[in-house]
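**Student:** Quick one: this structure, given as structure tokens, is what I'll be asking you about.
The values are calculated or read from the model by the stated rules, or taken from the named source; none is laboratory data. This one's a predicted model, so the numbers in the text were calculated from it and none came from an experiment. Note: ideal-geometry Cβ built from the backbone for every residue, glycine included; neighbour counts use all protein chains shown. Just the protein is used for accessible areas: all its heavy atoms, side chains included, with ligands, DNA and RNA removed. Shrake-Rupley method; radii C 1.70, N 1.55, O 1.52, S 1.80 Å.
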Amino acid sequence: MNHITIAKMMKRKNKQVGGSHYEILSIEPVEAFIHYHLDWFQSEIIKYCSRFHNKNGKQDLDKAYQVSDLAMDFGLGQLELFPFEGDEFLIQYCSQFKYEDIMKRLMIAVINHDYVIVKKSINELIEKYYG
């Protein structure tokens, strides 16, 4: 049994505490974290950008931006030698959002540790939804 299968089983067994902002997604952020072997910084950014529309709005995007700054402060903004360009899982994950194109660009940047592009993508979401 792989990690994705286990995560899906847990999703069915356990109800989300404190809201339904992940239950409405066909693929939850934790499945992306496992699929891409993401660190805390990457996971937090994706979590906040995946839920902002259904939970805390602009505050979640501000938190994602802050985590991006923190990752850069820790020197984690090193670009990958062989950059990730996407896969079928990414397409499926991003297709569940109204802001699919921005989310795809953001996730590719997160996976590649390109926090400059991550921050630009977050700003694009802020501009699009909050002016």
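**Student:** Take each of the peptides 72-81, 113-122, 36-45, average the number of other beta-carbon atoms within 10 Å over its residues, and list them starting from the highest. Mind dumping the intermediate values first?
**Tutor:** Values: 72-81: 11.0, 113-122: 21.6, 36-45: 18.6.
Most protected by this proxy first, the peptides run 113-122, 36-45, 72-81.
**Student:** For the stretch 50-95, give the magnitude of the charge dipole about the Cα centre (Cβ charges: +1 Lys/Arg, -1 Asp/Glu; no others), in debye to the nearest 20.
**Tutor:** Taking the Cα centre of the stretch 50-95 as origin, the dipole is about 340 debye.
**Student:** Starting with the highest mean, order 103-109, 24-30, 85-91 by the number of other Cβ atoms within 10 Å, averaged over the residues of each peptide. Could you put the intermediate results ahead of the total?
**Tutor:** Working: 103-109: 21.7, 24-30: 17.3, 85-91: 12.1.
Packing proxy ranking, top to bottom: 103-109, 24-30, 85-91.
**Student:** Then there's this: With the other protein chains left in place, how much accessible area per residue, in square angstrom, belongs to the stretch 29-131 at a 1.4 angstrom probe?
**Tutor:** Values: 5360 Å² over 103 residues.
Roughly 52 Å² per residue, with all protein chains present.
**Student:** First compute the accessible area of the stretch 82-131 with a 1.4 Å probe, then give the percent of it belonging to carbon and sulfur atoms. Please report the intermediate quantities before stating the final value.
**Tutor:** Details: 1360 of 2640 Å².
Of the solvent-accessible surface of the stretch 82-131, carbon and sulfur hold 51 percent.
**Student:** Calculate the spin-label point distance for L79 paired with Q59, positioning each point 7 Å from the Cα along the beta-carbon direction, and give it in nanometres.
**Tutor:** Modelled inter-label distance: 3.7 nm.
**Student:** What residues of the stretch 60-102 lie in the reach of a label at K128, counting those whose backbone N is under 14 Å from a point 7 Å from the Cα along Cα→Cβ?
**Tutor:** Once the point is set 7 Å along Cα→Cβ of K128, 61, 94-102 turn out to lie under 14 Å by backbone N, inside the stretch 60-102.
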